[in-house]
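Everything below concerns the one structure shown next.
The values are calculated or read from the model by the stated rules, or taken from the named source; none is laboratory data. Everything quoted here is computed from the prediction, not taken from an experiment. We place every Cβ from the backbone using ideal geometry, glycine too, and count neighbours over all the protein chains shown.
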Amino acid sequence: MYRIIASDLDETLLNDEHVVSRRNVEAIRAARELGVKFVPTTGRGYTSVQGTLDELGLRDAADEYVVSFNGGVVVENRGCQILSMHALPFEVASKLYDRGRAYADVCIHVYTLDTVWVYNYNQAEREYVGRRMNVVETDAPTLDFLRDDTIVKVLYMSFDRSYLERIRDELGEVVDLLDVSFSGSRYMEFNPRGVTKGAGLMALAARLDVSPEEVMAIGDNANDRSMIEAAGLGVGVANVADDVRAYCDYVCEADNNAGGVGEAIEKFVLGR
């Protein structure tokens, strides 16, 4: 029996309208009635997922959890109580910001606990991010204005994956201090070395005395690979990226729009 179901949000649990499909809601509710915990596991900050928690009946719930910032912060939903946090050293975040600004066509996100500071905020990114996150645009030449804040994650945005990979290689020794992952079709994400969705999820499972074999993880993209590999059952929705598909124990017939998460829960938890 799986005791934890961990799921990525964007392009996995959420459909293209950024809401949870009815099939997913009903399957998650049925699993929770059996005592299974449903843990959103996302690259986004925990404050930005409260609307999704509302849809699932998990907002401000005691003994329910979110793994956020790609494992950088794990919270209990009740009061958004932080259980663990792995921040980027300011000097590292500052280097990423400085180096990113050298690429005129790259959009940079700098994540503090409650705000996403965005440099070179292009129109495509405005339309995609929308109202899902607390975004503040900045044209600051350095990150000195955040020196006394907690920076959890930095990412670069471009639609050209090969270009982002080239930038990663050009960052040189900075990358040695980081865990670098890709998400969606547009983001290269930087967390401290060893901070991944898989590590954050397994730390939470250990805290709850749940073995890896009792965890199912569902995702669609490269930053989900670590939890797909770490879990007892790793699942990809039908739209899972080709470079992650090979690591999945099961790939759904349904994509994020057709309730792939619901399909996995029905098959492996509810026995339908």
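The conditions are (1) touching a strand residue (DSSP E or B) at 6+ places or on another chain (Cβ under 8 Å); (2) closer than 30 Å to Arg272 by Cα; (3) not in a helix (DSSP H, G or I), and Asp16 fails exactly one of them. Which is it?
Against the list (1) touching a strand residue (DSSP E or B) at 6+ places or on another chain (Cβ under 8 Å); (2) closer than 30 Å to Arg272 by Cα; (3) not in a helix (DSSP H, G or I), Asp16 comes up short only on (1).
Exactly one condition in (1) in contact with a helix residue (DSSP H, G or I) (Cβ under 9 Å, 6 or more places away or on another chain); (2) aliphatic (A, V, I, L, M); (3) surrounded by fewer than 18 Cβ atoms within 10 Å (Cβ to Cβ) is false for Ala102; which is it?
It is condition (1) that Ala102 fails.
Filter the range 165-191 down to residues that are among the charged types (D, E, K, R) and under 16 Å from the mean Cα position of the chain (by Cα) and give me whichever is surrounded by the fewest Cβ atoms within 10 Å (Cβ to Cβ).
Filtering first and then ranking leaves Arg186.
Out of all the residues in the range 192-233, which are in a strand (DSSP E or B), surrounded by 24 or more Cβ atoms within 10 Å (Cβ to Cβ) and more than 15 Å from the chain's Cα centre (by Cα)?
Passing the criteria: Val215, Met216.
Restricting attention to strands (runs of 3 or more DSSP E) lying wholly within the range 44-150, give those where 3 or more residues are within 26 Å of Asp160 (Cβ to Cβ).
In the range 44-150, the matching strands (runs of 3 or more DSSP E) lie at 107-112, 116-119, 135-138.
In the list Glu125, Glu76, which residue meets the criterion of being within 18 Å of the chain's Cα centre (by Cα), surrounded by fewer than 22 Cβ atoms within 10 Å (Cβ to Cβ) and assigned by TED's automatic domain parsing to the domain that holds Leu177?
Only one candidate passes the filter, namely Glu125.
Can you pull out the residues in the range 234-250 that are crowded, with 16+ Cβ neighbours inside 10 Å and part of a helix (DSSP H, G or I)?
Val244
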